[in-house]
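The values are calculated or read from the model by the stated rules, or taken from the named source; none is laboratory data. Note that the coordinates shown come from a computational prediction; the quantities given were computed from them, not determined experimentally. Using ideal geometry, Cβ is built from the backbone for each residue, glycine included, and neighbour counts are taken over all protein chains shown. Only protein heavy atoms, including side chains, enter the accessible area calculation; ligands, DNA and RNA are left aside. Shrake-Rupley method; radii C 1.70, N 1.55, O 1.52, S 1.80 Å.
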Amino acid sequence: MNPMFFIKQRNPGRARHWWIRVGTKDSDTSLTVVGNLAAGLENLGDDVNALMYWDAGHDANQDAGDFMTWIGRVTGCAG
């Protein structure tokens, strides 16, 4: 699936904050898809936090604490 089609559609209720992570050894998702998605969302004015984990595979989760901090920041519930 290509997410670019969907972010180009008018949808005022869509998310405006994005946490995107991918491993450089991901065999399920092309790095260019992730890069294009992040750039496309940024071009729409969205808050995008994108990062690639070196030598990690699909569904890598190497900064769970940072993710929780980010959620607190975007929701205003930092505690």
Options [x] 3, 17, 26, 24, 16, 9, 4, 1, 0; [y] 3, 12, 18, 18, 15, 10, 7, 6, 5, 4, 3, 0; [z] 3, 14, 22, 21, 20, 14, 5, 0 - which one matches P(r) over Cα pairs in 5 Å bins from 0, in percent as calculated here: [z]
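May I ask you to derive the FRET efficiency for residue 4 and residue 28 from their Cβ-Cβ distance with R0 = 25 Å, giving the value to the nearest 0.05?
Computed FRET efficiency for residue 4 and residue 28: 0.90.
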GNM result for the chain, Cα springs below 10 Å: residue of 45, 23, 35 fluctuating most strongly: 45
³J(HN,Hα), Karplus 6.51/-1.76/1.60, whole Hz, each residue of region 35-46, x for Gly, Pro: x, 5, 4, 4, 5, x, 5, 4, 5, 7, x, 6
Relative contact order (%) - criterion: Cα under 8 Å, at least six apart; region: the chain: 35 percent
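Mind pulling the per residue volume of the convex hull built on the Cα atoms of region 1-41? Å³ is fine.
Working: hull volume 3.0 nm³, N = 41.
Cα-based convex hull of region 1-41, divided per residue, equals 72 Å³.
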Surface share of carbon and sulfur [accessible, 1.4 angstrom probe, percent] for the chain: 54 percent
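Averaged per residue, what accessible surface does the chain expose to a 1.4 Å probe, in Å²?
So the chain comes to 72 Å² accessible per residue, rounded to a whole number.
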Helical contribution to [θ] at 222 nm, DSSP H n ≥ 4, -39,500 (n - 2.57), averaged over the chain, rounded to 500: -10500 deg cm²/dmol
Long-range amide H partners of residue 23 with built H, under 5 Å: 53, 59, 60
